[in-house]
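In what follows, a structure is listed as structure tokens, so that the remarks can point back to it.
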Amino acid sequence: MRNNRRQFLKQLAGLGGVATMSAVPFVANAAAATNVKDIRLSSHDGYVRLVFDLDKSVDHSIFTLNQPERIVLDLKNTKMVHGMVDRVGANSMIRRIRSGVQNNDDLRVVFDLQAEVKPRSFLLGPSAKSGHRLVLDLHTEKASPAVTKKTGTTKKQLRDVIIAIDAGHGGRDPGATGKKGTKEKTVTLQMAQRLQKKINQQKGMKAVLTRKNDRYMRLRDRIHKARDNHADMMISLHADSFPDPRARGSSIYALSVDGATSETAKLLAEKENAADMLFGDVNLAVEDEMVKEVLFDLSLTGNIQSSLDIGDEILQQIKSVNRVHKKQVQQAGFAVLKAPNIPSVLLEAAFISNPREEKNLKSSAHQKKVANAVSKGVANYFARKAPPGTWLSASATEYKVRSGDTLGSIAKKYKTSVENLRARNAMYTSNLNAGQVLKIPVS
């Protein structure tokens with residue numbers, strides 16, 4: 001039995017080891033073999049980026065191994081010229097790269113690492129200058145290991161998921177103004193501060209603000225703020241406006257690849273993007289050419305799908321607070337949603353041009369309801385899809401609820417708290433149903 005397990009691990013790792021992150025599949029169209037045309041590497045402050053140039057899209061998965069630290073990248077039905085990985089030299093994060101054939105048709109690439117890193121990957125479709133690409137970012141794990149009091153031994157410290165909250169407009173860009181003189185920039189900052197407080201009360205999540213006061217920020221600076229904080233999600237808060245004061249309701253938007261979902265979404269995106277046209281450029285480029293390609297490429301298919309998923313969770317919760325103007329997540333080309341590898345949504349909380357909704361937007365009680373709804377939507381999403389290495393992704397075990405169980409009895413059994421059980425499972429009441437499966441958080 002032990003030999004069989006050891007043989008399986010060797011097949012899984014290429015050299016053996018223990019997997020610490022489950023493989024996450026990325027869906028692409030099945031077709032003839034994909035060919036790797038080139039591999040490019042660039043180093044940045046805190047991370048290394050590898051770009052695999054492909055002749056078509058590809059199914060791929062990625063997982064980590066430790067002792068020693070490695071990352072394994074599997075590409076379904078893919079071929080690569082022998083020795084191509086040798087073009088990528090050793091650097092501060094990678095000691096060497098190996099490749100080989102897996103299951104006759106698949107390509108396996110193993111990265112031997114200098115130290116533990118956090119991997120992120122995404123696919124890009126063809127752009128004006130480039131074809132299909134698979135981008136792999138290796139971020140330095142900066143968190144120091146935790147030391148247990150009893151033994152003095154170290155264990156991996158689980159991080160919080162990071163949510164960047166972007167209060168729309170600000171400074172010399174007031175946004176829309178209501179009939180009573182309420183400015184969009186004011187209510188979005190108030191809602192952002194309340195949402196930050198609510199999220200930070202939930203274990204396993206941390207919120208950061210792109211702006212903390214009444215200041216003007218270019219769209220690219222908002223994106224950079226989210227990236228600098230290694231955000232796992234970005235939420236941009238706004239208040240809608242329309243010439244007809246009867247227009248009302250909330251809407252959620254995600255980035256669009258093929259154009260706006262509706263003419264309204266298109267016009268709204270043009271309005272929100274216009275601030276940089278008036279007060280500064282919308283050049284999202286940075287010094288690195290590959291990063292520039294990512295910032296301007298709208299074919300972040302997996303990223304957009306995650307944004308739609310997040311938007312739907314928030315939309316389901318916001319229904320309890322306000323009438324929903326659009327019953328589905330809308331899509332449009334908002335520049336602020338083009339943060340690479342960060343799922344992003346834009347919430348139009350209400351119509352500031354509607355007298356009743358303007359009053360609600362100014363109300364602290366209503367703002368708290370919006371913050372509660374959005375934070376619940378965020379918690380629901382991360383309860384299902386928390387990034388590896390976070391407290392919300394880690395479970396000591398799972399427990400199937402039995403008749404007579406309570407959260408208190410389950411928490412006592414597993415030496416955790418009711419609050420932690422609720423946070424790990426995105427629960428807002430103590431109600432349990434027999435047969436319900438709970439994820440037990442790590443202590």
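Could you tell me whether any residue of the range 426-433 is outside the structural domain of Leu209 (by TED's automatic domain parsing) and in contact with a strand residue (DSSP E or B) (Cβ under 9 Å, 6 or more places away or on another chain)?
Yes, the range 426-433 has at least one match.
Examine the range 336-349 for a residue that is assigned by TED's automatic domain parsing to the domain that holds Ala254 and either at pLDDT 95 or above or assigned to a helix (DSSP H, G or I) (or both), and state whether such a residue exists.
yes
Looking at Val109, Val101, which one is in a strand (DSSP E or B) and closer than 11 Å to Arg70 by Cβ?
When all the criteria are applied, what remains is Val109.
For the range 135-166, how many residues are at pLDDT 80 or above and assigned to a strand (DSSP E or B)?
Result for the range 135-166: 12.
Do we find that Tyr399 is of a type in the set (Phe, Trp, Tyr), more than 24 Å from Gln201 (Cα to Cα) and surrounded by 15 or more Cβ atoms within 10 Å (Cβ to Cβ) in this structure?
yes
Kindly indicate the residue of the range 402-432 that is out of contact with any helix residue (DSSP H, G or I) (no Cβ under 8 Å at 6 or more places or on another chain) and closer than 20 Å to Lys376 by Cα and also surrounded by the most Cβ atoms within 10 Å (Cβ to Cβ) among those meeting that condition.
Among residues in the range 402-432 that are out of contact with any helix residue (DSSP H, G or I) (no Cβ under 8 Å at 6 or more places or on another chain) and closer than 20 Å to Lys376 by Cα, the one surrounded by the most Cβ atoms within 10 Å (Cβ to Cβ) is Glu419.
Which of the residues spanning the range 45-84 are of a type outside the set (A, V, I, L, M, F, W, C), surrounded by 19 or more Cβ atoms within 10 Å (Cβ to Cβ) and not in a strand (DSSP E or B)?
Ser57, Glu69, Lys76
Here is a check on your reading of the model: is Thr210 without any contact (Cβ under 8 Å) to a residue 60 or more places away in the chain, crowded, with 17+ Cβ neighbours inside 10 Å and among the hydroxyl-bearing types (Ser, Thr, Tyr)?
Yes, satisfied.
State yes or no: is Lys185 at pLDDT 90 or above, out of contact with any Leu (no Cβ under 6 Å at 6 or more places or on another chain), in a loop (DSSP other than H, G, I, E, B) and farther than 30 Å from Glu116 by Cα?
no
Within the range 379-400, is even one residue assigned to a loop (DSSP other than H, G, I, E, B), free of Cβ contacts under 8 Å to residues at least 60 places away in the same chain, of a type outside the set (D, E, K, R) and outside the structural domain of Ile165 (by TED's automatic domain parsing)?
no
Between a first residue in the range 69-84 that is more than 13 Å from Val109 (Cβ to Cβ) and a second residue that is among the charged types (D, E, K, R), which pairs have beta carbons less than 7 Å apart while being 6 or more apart in sequence or on different chains?
Once the first residue is more than 13 Å from Val109 (Cβ to Cβ) and sits in the range 69-84, its partners that are among the charged types (D, E, K, R) give Glu69/Glu116; Asn77/Asp105; Asn77/Asp106.
Are any residues in the range 188-219 hydroxyl-bearing (Ser, Thr, Tyr) and in contact with a Leu (Cβ under 8 Å, 6 or more places away or on another chain), and if so, which ones?
Thr188
The values are calculated or read from the model by the stated rules, or taken from the named source; none is laboratory data. Please read all numbers here as calculations on a predicted model, not as lab measurements. Every residue, glycine as well, gets a Cβ built from its backbone with ideal geometry; the counts of neighbours run over all protein chains shown.
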